[in-house]
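Worksheet: the structure to be examined is printed underneath.
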Ligand code: PGA
């Protein structure tokens, strides 16, 4: 089974998000070898959830973050306890959050706990073998900073080596690759033994490109 996870970052208003799902939803192959997740902004989650349910599309909804606290007096935060009405996965510790919002390994570990306590699958982004994988986290994405949004992906061989090393270090881990994945190179990554799927930023914003990515993962 391969994961394909779309990380829209801070892009798409509700109308744009609904246009994307109307194009992508009917085209995603219903195949047990594929698990497709889309992570929009918080503001589009609710409408996206409705569209996926009404269309009965084989897509799962995720968030790009969640609060390291529970419910209560934490102005501006989105706690896992409330988010789990909408999402079943959360991207945590993305390098853009570590850089722009000073997220630390400790904060990421707290977010993982919040996710696990509230039935949300935490997907932690690591920048290399040295980034700690918090306890209980079984799904990570290896995303070298030099590859993110640059059109300059890691080599599939190197990404595989890192994935294998991480799997030796932590038990029962699934490892995705992220960084400049496109429909042109996705197969080179998902055909590596140690790689369980991809986290796609820029290329996931274009509906037709994203459909191509999903279909090419299933090609023989
Ligand atoms: P990119 O982003 O595909 O645009 O390189 C990936 C990510 O940041 O998750």
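To the nearest Å, what is the center-to-center distance of segment 94-172 and segment 20-93, using C-alpha atoms only?
19 Å
Taking 0.36 nm per intervening residue step and subtracting the Cα-Cα distance, what contour gain separates residue 168 from residue 100 on full extension?
Stretched out fully, the residue 168 to residue 100 stretch lengthens by 21.4 nm.
What does the highest-first list of 139-149, 122-132 look like by mean Cβ count within 10 Å?
Per-residue mean Cβ counts within 10 Å order the peptides as 139-149, 122-132.
Using a ≥ b ≥ c from the Cα gyration tensor of the chain (square roots of the eigenvalues), is it rounded, prolate or oblate, where a/c under 1.5 gives rounded and otherwise the larger of a/b and b/c decides, a/b for prolate?
oblate
Spin-label point model (7 Å from Cα, Cβ direction): what's the residue 22 to residue 119 distance in nm?
Distance between label points: 3.2 nm.
With runs of 4+ DSSP H residues as the only contributors, calculate the mean residue ellipticity of the chain at 222 nm using -39,500 (n - 2.57) per run, divided by the residue total and rounded to the nearest 500.
Helix contribution divided over all residues of the chain: -10500 deg cm²/dmol.
Contact order normalised by length for segment 99-201, with contacts defined as Cα pairs under 8 Å and 6 or more residues apart; what percent is it?
Averaging sequence separation for qualifying contacts and normalising by length gives 22 percent for segment 99-201.
FYI, it's all coordinate maths here, none of it is from the lab. Predicted model, so just to flag it, every value in this text is computed and none were measured. FYI the Cβ positions are ideal-geometry reconstructions off the backbone, even for glycines, and counts take in every protein chain you see.
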